[in-house]
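**Student:** Input: one structure, supplied below.
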Amino acid sequence: MIEQLSRYTADKLVMGMDGLDLTFGLTSKTHVEVYIMHKMIEQSKEKILVVDDSKIGRSSFVRVTDITAFDKLVTNYSPANEEILRAIEKKGVEVIIA
């Protein structure tokens with residue numbers, strides 16, 4: 001499966017994660033998905049992460065990558081996450097509140 005993915009490229013990748021923690025990075029609940037996620041991130045030109053506010057500031061079972069692997073973060077507004085979102089912007093990731 002991973003080998004087959006290397007034959008493809010994408011102009012845009014839109015991906016979700018189970019957790020987004022500034023220290024630990026982006027995380028997933030299952031290790032099975034991680035290899036596919038790595039390859040898709042590698043093969044894509046523009047990478048967009050979509051997570052709701054409940055996933056920001058928490059981590060899940062398996063680390064996938066750092067937030068800086070993505071160009072944009074799309075999320076909903078939560079006052080509790082303002083500081084984290086500012087820190088993400090300082091890392092060069094565009095934050096979009098939708």
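**Student:** Need one number: % antiparallel among DSSP beta bridges in the chain, to the nearest 5.
**Tutor:** Working: 7 of 20 bridges.
Roughly 35 percent of the beta bridges in the chain run antiparallel, per DSSP.
**Student:** For the chain, what is the mean residue ellipticity at 222 nm derived from helices alone (per DSSP H run of n ≥ 4: -39500 (n - 2.57); sum divided by total residues; nearest 500 deg cm²/dmol)?
**Tutor:** Working: 3 runs with 26 residues, N = 98.
The per-residue figure over the chain is -7500 deg cm²/dmol.
**Student:** As I understand it, the value is the acute angle between the Cα axis of helix 31-43 and the longest principal axis of the Cα atoms of the chain; what does it come to in degrees, rounded to 10?
**Tutor:** Here the helix axis deviates by roughly 80 degrees.
**Student:** Moving on to the next point. Counting alpha carbon pairs within less than 8 Å and at least 6 residues apart, what relative contact order, in whole percent, applies to the chain? Mind showing how you got there, number by number?
**Tutor:** Details: 190 pairs, mean separation 28.7, N = 98.
Relative contact order of the chain: 29 percent.
**Student:** Sorted from largest to smallest, which semi-axis lengths in Å does the alpha carbon gyration tensor of the range 2-97 give for its equivalent ellipsoid, taking the root of 5 times each eigenvalue? Each step should come with its number before you reach the end.
**Tutor:** On the way: eigenvalues 105, 46, 20 Å².
Computed over the range 2-97, the values are 23, 15, 10 Å.
No value in this document is a laboratory result; all are computed from the given coordinates. This structure is a prediction, so every number in the text was calculated from the model and none was measured.
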